[in-house]
Amino acid sequence: MIEPTPPASRFGPSPLLLALLPFVVLCTMNSATYRYGASDQAFYIPAVVLAMHPAYFPRDAPVIEAQGRLTLVDDAVGALSSVTGIGLPTLALSLYVVSLLLLATAAWLVASRLYRTQWAGLALLAALTLRHSISRTGTNTLEGYFHPRQLAFGLGALAVACMLRRRAFEAVVAVLLAGAIHPTTAMWFAIWLTAATAVNEPRWRRPLAAAAGTAALLALWATTLGPLAGRLALMDPEWLATLDTKDYLFPLEWPIATWAFNLAYVVAIVAVYRWRRARGLVEPLEPGLALGALSLVVVFVGVLPLNAARVALAVQLQASRMFWMLDFLATIYLVWALAEGVRGTAARARLAAAVLLCLSLARGGYVKFVEFPQRPLAQVTVPDNDWGRAMAWARNTDVRSYWLADPIHAARYGMSLRVAGERDVFVEGIKDAAIGMYDRSIAIRTRDRLAAIGDFGALSADRARELGATLGLDYLLAERPFGLPLAFQSGDVRIYRLR
């Protein structure tokens, strides 16, 4: 027998507060631990450093600003660090935790509207700790480091919870904050919530239509005369060739399996919503929640022809990332189906919470203790190892010094020279190539610099000296002996003077 839906007040704060610390720990374990400076922080941390110290990165500023100028988060984090005196490593960890707390709080608030028992809400929190990638989108549901995209997603999820409570002002504020942090993530939440409000509140449809028209005019201005001017141009073959490894940018080239997997979100949302409606369990504002999310698919399909034509902005928007929002709603619905959908009793919800918690513990434990046993749960600063000591030496060199390193050094050491050493580097192959999506000149620059180095493993002392003389490089960082003046060594990590 289905229990009657209790008021939302039955979802008190105590279970959430008790669950927050385990939630953060499980998210971190399932994300292969927290690592300062990892992955995408290769360009986010230098952008913050540049905002704090304009004299830094005199050569790499164009690369850093190619993406950094599109958001306010770099300036905001830099200002926060300067005002509070909190170092970037500690601040990055704090923002990472805040992102997870926002996600957990938003999920709990959504669950309090759609679920009948707090145990089902705890089951949802356990499910959200199971990090996974959104197929062929370049996005993961969780990251093992602070990413502005994660903070923006937490704010967007909170806006969804506010919408379910008819707290329109708070929802708008949350989306605007998300937009300042990561505009493209916020854009999808804005579309979702606008469509949801149009479905749920007929009296708001005309004002929303007017607002949408205004937004369209602003978008037209931004792409013709404003900060996005020039991004309606077509990406030429030379530019596109630099993105040949970024297959997630072009959905029409996805294999059938990827399409089937991502569209399964739509099937799950529609099926569970219809199931809930048939049982009379649909909440008053839930139609907008479901239909608003599905409207993202319509927008995505509308962008596909522009993406196929290789309009720069259509590629840069990475519209496929809207599947992340569908993943969130599908998870909410599937957890309900597991915990309360059949013979929805408190015992069943407790069992679902226990199963998902055990699954998260098992997976997180395997990732932490089997796959990456050498990693601490949280690497908060630059590690005190050979690489870290070399980077400490680098930070004491002239801020204008110019460095040559293996283009894949960030993957090798887990942290880029720009992050750990805070100095210009000739090329950082993986992340500079990713930034090239936003700026053709950066894409070509990265291609040419990778070609100039060639096979770093075969780089000779003469070639390194020639590059140093031609390009004004000051130091070479490598793990093998070179016939060059040695400036610093820690273990196998060596720094040579090039001039």
In region 172-198, which residues are touching a Lys or Arg at 6+ places or on another chain (Cβ under 9 Å) and either more than 23 Å from LEU313 (Cα to Cα) or part of a helix (DSSP H, G or I) (or both)? ILE181, THR184, THR185, TRP188, THR197, ALA198
Matching residues, region 426-455, being open to solvent by less than 50 Å² (accessible area, probe 1.4 Å) and of a type in the set (A, V, I, L, M): VAL427, ALA433, ALA434, ILE435, MET437, ILE442, ALA443, ILE444, ALA452, ILE453
Residues that are open to solvent by 60 Å² or more (accessible area, probe 1.4 Å), hydrophobic (A, V, I, L, M, F, W, C) and out of contact with any Ser or Thr (no Cβ under 8 Å at 6 or more places or on another chain), drawn from region 261-281: LEU263, VAL267, TRP275, ALA278
Complete set of residues in region 133-152 that are open to solvent by 10 Å² or more (accessible area, probe 1.4 Å), touching a helix residue (DSSP H, G or I) at 6+ places or on another chain (Cβ under 8 Å) and either more than 27 Å from ALA180 (Cβ to Cβ) or not in a loop (DSSP other than H, G, I, E, B) (or both): SER135, ARG136, GLN150, LEU151
Only one of these is without any contact (Cβ under 8 Å) to a residue 12 or more places away in the chain and either under 22 Å from THR105 (Cβ atoms) or of a type in the set (Gly, Ala, Ser) (or both): ALA210, ALA159, ALA186. Name it. ALA210
Residue satisfying all of: in region 456-489; farther than 21 Å from ARG59 by Cβ and among the acidic types (Asp, Glu); least open to solvent (accessible area, probe 1.4 Å) among these: GLU479
Taking the condition within 35 Å of the chain's Cα centre (by Cα) and more than 30 Å from VAL311 (Cα to Cα), does ILE453 pass? yes
ALA458 within 30 Å of THR242 (Cβ to Cβ) and not hydroxyl-bearing (Ser, Thr, Tyr): yes
Considering every residue within region 369-386, establish whether at least one is touching a residue at least 60 places away in the same chain (Cβ under 8 Å), open to solvent by less than 20 Å² (accessible area, probe 1.4 Å) and over 21 Å from the mean Cα position of the chain (by Cα). no
Residues of region 326-346 being open to solvent by 50 Å² or more (accessible area, probe 1.4 Å), over 13 Å from LEU122 (Cα atoms) and in a helix (DSSP H, G or I), which ones? LEU334
So, first residue in a helix (DSSP H, G or I) in region 109-123, second residue open to solvent by 10 Å² or more (accessible area, probe 1.4 Å) and acidic (Asp, Glu), Cβ within less than 9 Å, six or more apart or across chains; the pairs are ARG113/GLU283; LEU114/GLU283
How many residues, within region 154-170, are more than 21 Å from the chain's Cα centre (by Cα) and either surrounded by 21 or more Cβ atoms within 10 Å (Cβ to Cβ) or in a helix (DSSP H, G or I) (or both)? 6
For a quick check of your reading: which helices (runs of 4 or more DSSP H) sit entirely within region 9-98 and have at least 1 residues that are open to solvent by 10 Å² or more (accessible area, probe 1.4 Å) and hydroxyl-bearing (Ser, Thr, Tyr)? 13-30, 41-52, 73-84
Inside region 490-499, the number of residues satisfying the requirement of being of a type in the set (A, V, I, L, M) and either open to solvent by 20 Å² or more (accessible area, probe 1.4 Å) or in a strand (DSSP E or B) (or both) is 2
Within region 250-260, track down each residue that is surrounded by fewer than 14 Cβ atoms within 10 Å (Cβ to Cβ) and not aliphatic (A, V, I, L, M). GLU253, PRO255
Taking region 450-475 on its own, how many of its residues are under 14 Å from ALA405 (Cβ atoms) and among the hydroxyl-bearing types (Ser, Thr, Tyr)? 1
How many residues are aliphatic (A, V, I, L, M), open to solvent by 60 Å² or more (accessible area, probe 1.4 Å) and not in a helix (DSSP H, G or I) if we restrict to region 217-246? 3
I'd like to check something: does region 473-490 contain any residue that is among the aromatic types (Phe, Trp, Tyr), farther than 30 Å from LEU240 by Cβ and in contact with a Ser or Thr (Cβ under 7 Å, 6 or more places away or on another chain)? yes
Please go through region 403-425 and give me each residue that is open to solvent by 10 Å² or more (accessible area, probe 1.4 Å) and more than 23 Å from LEU91 (Cβ to Cβ), ordered by number. ASP406, PRO407, ILE408, ALA411, ARG412
Just one of (1) in contact (Cβ under 8 Å) with a residue 60 or more places away in the chain; (2) touching a Phe, Trp or Tyr at 6+ places or on another chain (Cβ under 6 Å) trips up ALA92, so point out which. (1)
If the requirement is being aromatic (Phe, Trp, Tyr), in contact with a helix residue (DSSP H, G or I) (Cβ under 7 Å, 6 or more places away or on another chain) and more than 30 Å from ALA354 (Cα to Cα), which of these qualifies: PHE300, PHE323? PHE300
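The values are calculated or read from the model by the stated rules, or taken from the named source; none is laboratory data. Everything numeric in this text was worked out from a predicted model, so none of it was measured. Counting neighbours? That spans all protein chains shown, and the Cβs are built from the backbone with ideal geometry, glycine included. SASA here: full protein model, heavy atoms, side chains in, ligands and nucleic acids out. Shrake-Rupley method; radii C 1.70, N 1.55, O 1.52, S 1.80 Å.
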